[in-house]
Every structure is written in C-alpha cells, then in structure tokens.
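See structure below.
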Amino acid sequence: MTSTDTAADGVASFPAAGERACTIQTTVNGVRVERALDPRMTLVEFLREDLELTGTKVSCGLQVCGVCTVLVDDQPVSSCTYLAADVDGRAVRTVEGLAREGALNGLQRSFAEEFALQCGFCTPGFLMMATALLERDPDPTEETIREYLDGNFCRCTGYQPIVAAVRRAAARKAGEAGGEPS
Amino acid sequence: MSGTRETAGRSVQRPDFMAKLTGAAQYTVDIGMPGMAHAKILRSDRAHARIVSIDRTAALDAPGVVGVITAADLGGLFPRFGHIVPDHSILAEEKVRYYGEPVAIVVAQSAWAAADALELVRVTYADLPDVLDVAAALAPHAPLVHEHTYGGTADESFRVLTGAEQERASSNLAHEVVLEWGDPDAALAGAATVHTTSVTFPMLYAYAMEPYNAVASYTGDLHVISTAQHPFMVRDDLARVFGLPLSKVRVTSPFVGGGYGSKSYTKVEPLAAIASWAVGRPVKLVLDVEESIYTTRVDSAEVTMTTGVDSSGRILARVADMVMDSGAYADNSPLVLAKAVNRCFGPYRVPNLRVRGRSVYTNTSPASSYRGFGAPQGNLAGETNLDQIAERIGMDPKEIRLRNVVGPGEELLPGKRGLDADLAADLEMLVDSLRGARSEDPHTGIGFGMSVSDAGAFPVSTAQVRVHVDGSVTALSGSTEMGQGSRSVLGQIVAEELGVEHSRVTVLQSDTGTTPYERTTGASRTTVLVGLAIQRACADARAKLREMAAELLGTPIEAITDVAGGVRTDEGKELGFADIVRGWFGSNAGEVTGVGLVRRDGVTQKMPPFWEVGVSGVEVRVDVETGVVDVEQLVTVADVGFAINPAAVEAQDLGAATQGLGAALFEELVYDGAQLANANVVDYRVPRMSDVPRRIDLMLAERGDGIGPYGAKGSGEGALNPIGAATLAAVARAVGRWPDRLPLTPERVWRLSCEVAPSQPAHTAPDYDGSTADAISDGTQT
C-alpha cells in the first residue's frame, strides 16, 4: 500500500497500474468507507468495482452525457472523470441511496408514474441531477428544469416525461410540506 | 375472451421500474463471472492495408497480460460472422478494411493492464489504395474492399438477398435491389408535371447509451452474456464459429441499455467468445463510445426521386435511385437496402414504379440496422419530392397525399397484405392538430409526412406460460427488453387471457438457454408476434387445466368452461388454477406449462404481419440571424389498432420522433479522410432536454385493425420515419428555400436563408397558401 518506491533507476516513480497506493476515507450513501486504492482510479470505478454499487453507469466517458452523475458533498459530478482519491473526506451519494428502507422516494415514484424511463441506463444520472436541483430549488419552473438537466442525455424517452416527473416530484414535496396527501 | 378487458388497454406501470429506479437493474456491463479476465481491442489505424506482421512479444511480457489473440490463432474456427453474408472477420485476416477494425485482442487481469499492453502490440501494415465514399467505391477500376463474394447463410428468409456461392468480386457493389412494375418511362412522358428531388440522408450513430459489451465463458460449451437485441441470431453466428450444436451455445441478454436497431445481430460477442476460448477463462469486453461508433453505424444514402402527376395531382409514376454507403462489411445492410427500396415511394398508389437501390462497400465503419430500417432514408426522398410537387402545382400538401394514399385493405405491394390502417383518417387528425395550434410568427413553418413499413419481420415466435401451484404465472419469451416496455405488455396479455392479476405475472426474457425461441426483437414485432404466441400459450395452458379439472371433478370436459383465474362446471362449481394444479399433482407442488407457436400460417400467413404506420408532423421556428431551428410543435398519430398499454405507445412515439429530430437537426458522422472527425458524443450532437418541442400532441388511433392481440399492431419505429422529411419541409417553408440534405444544422439553414434574394419578402405563407407565385425554390432540375 505504501510501496511507491518501485522504480529502481531513481526516477520519480508512479505506482504501477492497479497498485493501491493511496488511502481514502469517505462516506457513501451514509456508510463510512475506508479504502486503499490506485490513485488513477476514477470515482465510478471505485463505486462499481470496489463497492459493487453498479447502479451508476458510464456512457460517453467524456463528462457530457450525465449518465454517471453522483453527488459529492451535495454537488453533482461526473464520476467517470472524477478521481476517487478526491472524495477523501467527502460524502458521496448514488442512486442506491435514494430509496429508504426499500420504499422509493418521491422523485423515484414520480419517475415511475410519469413513465420517465425506458431502457433505464440514463435514469440513475437523471435521478441524481434532479435530486441536486430539487435540493437547491424545491419548486423549479419548467425552464429551470430544462436548463439544469440539459447535460443529461436520454435516447429513449424524448425527455418530456422526465420534465413532468421532476415537476410532479416538486409538487409532491410541496404537498407533503403543506400536509396535503401526496 | 368476452366482455370488457381487465388489463389490456390500461397504462399499467412498468414492472421493471423498481429495479431501474434503485440501481438494482442488471445490465450486461454490471455482470462478471468467476475468474474473469478483461479484454481490450487493438484496432486498425488506417482504412485499407495489408497486415504484414504482428509482433506481440512485448505485450505478452507486460504486467498482468494473459494473452494476445490475432486472426492467426483462430485455426479450427470459422473466423467470420454475418447473418446474411458471413463476410465479417472477427479479427482482420490478411488485411484491414476500415479505420477501427479489430486486429488483435489483449486479455489481461484488469482492463487497465489490457489497455496499457495494447500499445505494446506492434502491427506492420502495407497501405492499400482505399475507397472512402461511394463515389470512389463505384468508380471504374476502384480498389476492392472485398476481393470475392461470400455465399449466403443457411437462413431461407435471407436467401433472396444473397448471391450464389463464393466467387471473385468485380466491384464494390455489396448488394443491389430493383423493384419495378408498369411502364414508368411512358407514364412520366405522359405526365402533366414531372419533378425530381435529390436528397442526402446523413451517416448516423444510434447512440444506445450502454456501449456494446459482453462477457463470455468457453468451457467446451459457450455462454455469452451480451447487449444483443437478437440473442438467438447471435447464438447461430457463434455456433458456426465454434462448430457447436445450438444447445451448447447460450446467449443471455439482460436489460439492454438502449438498442434502436444498433444492437441487432452480432457485434462484440465473437470477440469475447474467442478470447475466452483462447485463454481458457471467462473474458469481459466493454467498448467505449468511440469503439461503439466504429462497430456499427447507420447507412447514409443519396436518393433521387422523380414523380410524374396528372393535372389533378394523381401520381402516375415514380422512379427512384438510391445509393447507400454500407461500409466495410455487409452486416444487415442488404435488408436495410431492400426495405429502403420498398419504403421510399410512400403509402401511395403508384401505378408505374421503378426503384433501383445499391448498397456499396467502402473502407469505412460497417453500417447496419437502425430504427426504421431503411424507411428514414427512403421516406426523406419520397415525401420531400411529393411536397415539392404539391407546391409546384399549387396543391395543399395534405390534399395531394389524400388524393394518392392507399386505402384500408388496398394492396401497396403486389401479393402482400392489404393495408391494415386508415391513413387518410390519421392524416386528417394530424393536420388538424398541427394547423390548429400553429403560431403566427413569420419565421415558422409546418411540415408533415406519412410512411408505412412492412413490419414484424419473419413471423417465427414461440412463448411459454407456467401456471404455478399458487396460481401465479411466469411467462417466458426469447424477446429482449431494451426499454420499449415489452414486459408490461406481454404481462398484460397473460393477465388478460388467464384472468389473473397483472401483479401476479412475471415475464422472463432473452436467454437462449432457458427461454423459448424468438427470431428477433426488432421491426416493432414483439407486441404482435410474441403477443400472439403468448395468447396461444395461455390457451394451451387453459386447455390442459380444463382437462385436469375434468379429471379431478369427474365431469366430462365439455362441462368445463373458463373463468377468470380458473374454470367452472355446468353446475356452477369453480376451481381456481391453484386448486387444479395442487389437486392434480396431489401435493402443494407442480405447475402447468402452456406453449404457443407462431409461424407463417393463419393470420400470419400473409406478409407482412402488419403494416407499421408513421404519421408525424412538426412546426419549426427558424432564427434567421443564426440559422438555429427550434421545434415548436410535434404531433404524432399512433395507428396501432389497439393500444394494450397506451402510455407505452405514447412513450415509443415520443422517443422515436425525438430520435428522428436528432437526424433532422443535429446528428451526422463526418469522415475526415480515413477516420471520423466526430467519433464521440461531444462532437456528435444528440437531442437534449432543451431541444424538446414546447407543444407535443401524441394521438392514438385505435381501430382494431391489426392481427395482434385485441386488434393490436406494433409501434416503435413509425413515428420516426416521416420526421426527416417533415422537418425539412417545415424549414423550407420557414426560410423560403428547399434544403437537400439533413441534418439542418444552423450553418446550413443560415446559408440557405441567405440565398434568398434580399428583395424577396420573408416567406409568410403557412405550409400552403394556395398560390404558386412565391413557390419555394428547390434548385432542382425538373
């Protein structure tokens, strides 16, 4: 874990591929995690391969499609291009952390009710980005939703059901806060 | 079944929503196997070259490397695949035919180690002259992409598309289809108006968000888990590669992260399989998006369409010529071409017709199926041409369509099924909605179009239903769930037929080892063909359950009738399915399996099984300063006979239309020399949330005119097919000039609008103003 002195020729050395040369402490979906990992490992590799949280997917690999979105200290990030080492001391939230005790949260229920998913590959990214939006703006306009989620691609739905789902989730939350049935 | 329907016709929620909303849904990319190694592919960095040598010594010495595999290692195997023409080398043999072609597989302990070692494989090439587009490929004495032709596969339904046995190739013509009747030349000579339109359909990438990937284990038997839309077709290819009986090859497709035709047929499965065969361990191979783009793209097309009409706008003849750039391997392009040929002239009465289509090999990435199967390419030419004629003769574009459209029951293609749709009624619905909501802005335009497709593919489907000892039901189908919602719909059919709660039905799919045969999941076939197979399986299960009930009760079989969830006797005694299964087996154990089979017989004798309808329209607003096109309004009509799940049908139409808008406005793969300039989704722009039309009207037209369950027909492709021509016409009407290619990028639209003489007033007509005086200039020869 600390054996970074592998280069015999004295040149400043990098750890070999796969060598777990750095240690991080983080919280993932509320669970404390301490791991040694390869410094070049991306956050999504850490989540999928080390923690087996495979709900987070990868598509473009270039930080544009939004599929791999997770929240780091409540900020949405593209986990395909975010180094796992950089979550040291931070809290990570993924799609697996949304449901509580097996029950879908209001945003997830809204996606189901509005048919806002088809193949489902982009869905975790949309859920996390929409979570970030609703935490900042509990009652976003349609324009705000379109702008905020513009960096999340979907090839199946034509997007409108996703817009409707986010609006429904906001209304549901407002209804719950006002004591009305959701 | 009599009486009102309980489940069919309701928008029940997707049974997979829980898994897909919690991250629990399993896609191929989430699956590993014990002892698995990881593969990366070394790809050609040139378009056309002879492989002189491959030196893998350094790669084999690299840390973690398990093996390096080249074509030379495949002795004893059949080293190619292809369901129509087995021309596709798994690894390049002797020469590479396109930039990005797999040359070697590096297998290592980790994906990183494999990626690192790729750079250590040294390939020496001797460049060959290349043909990078159809013009070069069809030029006299052009270098040949394939030096010989290939015999067809054993598949009878593709025989018509394939040539004789292997022989020396004389050109880069991969395939040619001619469709002809009447005397089109004479008819054109006698026409009041003759008009020709040439359009270019762009090279596209379907961009299913889960890139191609597979994990394979060869242990004498072969098990491959992959992103395949058609696992049974892939199984057949793999069985040929390894010389294995079909029973020894198992292909499993878990949830598929988008398909749209791009995951039809065989892709990366042979690479993963031969890697596992070679190294003796399970091997996982995951492509990135760039590699996926180089694996399969969409055929681009140049189409010229000439139509002659009489003075009342009736079509007298249509003559078309299309050339598709199919890339380095045939894959499904022969079928795409055949479909483009019969879909390009539209759902119209054409008494004299000649269409010539050519699919051409080039040294570019291989093209294959894409949602709509040749219809998007062909329809763009046919509908644009019709719109231009209407304008020339001063006729409403709706009127010219109504005057020529094929009516219900009428034959569109000789010997084929009569049209099982009312297109005129659909068009009225569409245009009413589109014109009713249109804006007054002068820089807007409306466009719409129609298509019908001989859908459903070859009708071979099988299904099973298992009625369990507690009365719940598992249905098995070899079809694949790639987002379209087939698990909802098939489960609804089971619930309806057996009279059980939808929530007590589970549908399991797409595993050649455990689910019954399904030819393909494409051509919008699942609801109709698998639906019929499921209905028959339910009827078979019910027949068995009636016999068992008769035996249990000691009553004649004639005294037993079906009721929801069970049977009843003449005396009014009822037995539920659970009572029958438990009673017959004499224990709280056992189950009853019903089997349903569909072939070319009875309602599915006549081809196609159904005509898939596309009736779509848009209103666009053009920013004349920038050329940016905004879609203000989208209208679709789903002529599906009966919507078993209306929300799912609407979802298919909106998704399909949005994909169509991608090709119409944004999407185009661009070759810059040997390689693509935009093999990524930064530069290859797909529709985003901010591009969604502000007003969307998704209409259902349910007339019970399909052969599927409850009168259903398929959907999923139709709404896309006319979108290209509709958008092109809408932009033409907004800027006053006809484009001749897609996509209508801001630069193209801006240049187009600049070509209008400055003195000419902005075109303020709606889609039709009744005069020809300010007819839109199309710049084409007539």
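For the range A:60-111, give me each residue that is acidic (Asp, Glu) and modelled with pLDDT of 95 or more. Outline the logic, then answer.
Here is the first cut: in the range A:60-111, the residues acidic (Asp, Glu) are A:73-74, A:86, A:88, A:96, A:101.
Scanning the range A:60-111 gives A:Asp73, A:Asp74, A:Asp86, A:Asp88, A:Glu96.
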>> Looking at the range A:1-34 only, could you name the residues that are touching a helix residue (DSSP H, G or I) at 6+ places or on another chain (Cβ under 7 Å), at pLDDT 95 or above and away from every other protein chain (no Cβ under 14 Å)?
In response: A:Ile24, A:Thr26, A:Gly30
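Within the range B:348-355, is even one residue modelled with pLDDT of 95 or more, out of contact with any Lys or Arg (no Cβ under 6 Å at 6 or more places or on another chain) and within 14 Å of B:Ser451 (Cβ to Cβ)?
Looking for residues that are modelled with pLDDT of 95 or more, out of contact with any Lys or Arg (no Cβ under 6 Å at 6 or more places or on another chain) and within 14 Å of B:Ser451 (Cβ to Cβ), one finds at least one in the range B:348-355, hence yes.
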> In the list B:Val103, B:Val52, B:Val85, which residue meets the criterion of being away from chain A (no Cβ under 14 Å), under 19 Å from B:Pro270 (Cβ atoms) and part of a strand (DSSP E or B)?
Replying inline: B:Val103
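For every residue, the table says whether it meets (1) outside the structural domain of B:Ala734 (by TED's automatic domain parsing); (2) at pLDDT 95 or above; (3) outside any loop (DSSP other than H, G, I, E, B).
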residue	(1), (2), (3)
B:Ile534	yes, yes, yes
B:Ala541	yes, yes, yes
B:Leu552	yes, yes, yes
B:Asp579	yes, yes, yes
B:Trp584	yes, yes, yes
B:Ser587	yes, no, no
B:Gly596	yes, yes, yes
B:Val618	no, yes, yes
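Among the listed residues A:Val77, A:Val67, A:Val95, identify the single one that is farther than 17 Å from A:Ala171 by Cβ, more than 9 Å from every other protein chain (Cβ to nearest Cβ) and either touching a strand residue (DSSP E or B) at 6+ places or on another chain (Cβ under 6 Å) or crowded, with 18+ Cβ neighbours inside 10 Å (or both).
Values: A:Val67 fails: more than 9 Å from every other protein chain (Cβ to nearest Cβ); A:Val95 fails: more than 9 Å from every other protein chain (Cβ to nearest Cβ).
After applying the criteria, what remains is A:Val77.
In the range B:246-266, what residues are more than 15 Å from the chain's Cα centre (by Cα), small (Gly, Ala, Ser) and within 14 Å of chain A (Cβ to nearest Cβ)?
Within the range B:246-266, the first condition is being more than 15 Å from the chain's Cα centre (by Cα), and the residues that meet it are B:246-255.
Of the ones still in play, those that are also small (Gly, Ala, Ser) are B:247, B:253.
Within the range B:246-266, just B:Ser253 meets the criteria.
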> B:Ala39 passes all but one of (1) within 8 Å of another protein chain (Cβ to nearest Cβ); (2) crowded, with 20+ Cβ neighbours inside 10 Å; (3) not aromatic (Phe, Trp, Tyr); which number fails?
Replying inline: (1)
> Any idea how many residues of the range B:2-28 are more than 14 Å from chain A (Cβ to nearest Cβ) and not in a loop (DSSP other than H, G, I, E, B)?
Replying inline: 0
>> Quick test of your reading of the structure: B:Thr658 fulfils all but one of (1) surrounded by 21 or more Cβ atoms within 10 Å (Cβ to Cβ); (2) more than 8 Å from every other protein chain (Cβ to nearest Cβ). Name the failing condition by number.
In response: (2)
> Restricting the range B:211-245 to residues that are assigned to a loop (DSSP other than H, G, I, E, B) and more than 21 Å from B:Asn332 (Cα to Cα), which is farthest from the other protein chains (Cβ to nearest Cβ)?
Replying inline: B:Gly243
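Test B:Ala765 against the criterion of being outside the structural domain of B:Val598 (by TED's automatic domain parsing), modelled with pLDDT of 90 or more and small (Gly, Ala, Ser), and give yes or no.
Working: outside the structural domain of B:Val598 (by TED's automatic domain parsing): yes; modelled with pLDDT of 90 or more: no; small (Gly, Ala, Ser): yes.
No, not satisfied.
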>> Quick check on B:Ala701: is it surrounded by fewer than 22 Cβ atoms within 10 Å (Cβ to Cβ) and more than 14 Å from every other protein chain (Cβ to nearest Cβ)?
In response: yes
>> When you scan the range A:122-133, do you find a residue that is within 14 Å of chain B (Cβ to nearest Cβ), touching a Phe, Trp or Tyr at 6+ places or on another chain (Cβ under 7 Å) and assigned to a loop (DSSP other than H, G, I, E, B), even just one?
In response: yes
>> Restricting to the range B:646-683, give me the number of residues that are assigned to a helix (DSSP H, G or I) and among the hydroxyl-bearing types (Ser, Thr, Tyr).
In response: 1
> Looking at the range A:147-163, is at least one residue touching a Lys or Arg at 6+ places or on another chain (Cβ under 8 Å), within 13 Å of another protein chain (Cβ to nearest Cβ) and assigned to a helix (DSSP H, G or I)?
Replying inline: yes
> Tell me, which residue of the range A:39-57 that is in a loop (DSSP other than H, G, I, E, B) and within 14 Å of A:Asp88 (Cβ to Cβ) is farthest from the other protein chains (Cβ to nearest Cβ)?
Replying inline: A:Pro39
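The values are calculated or read from the model by the stated rules, or taken from the named source; none is laboratory data. Computed from a predicted model, the values in this text were never measured in an experiment. So basically every Cβ, Gly included, is an ideal-geometry build from the backbone, and we count neighbours across all protein chains shown.
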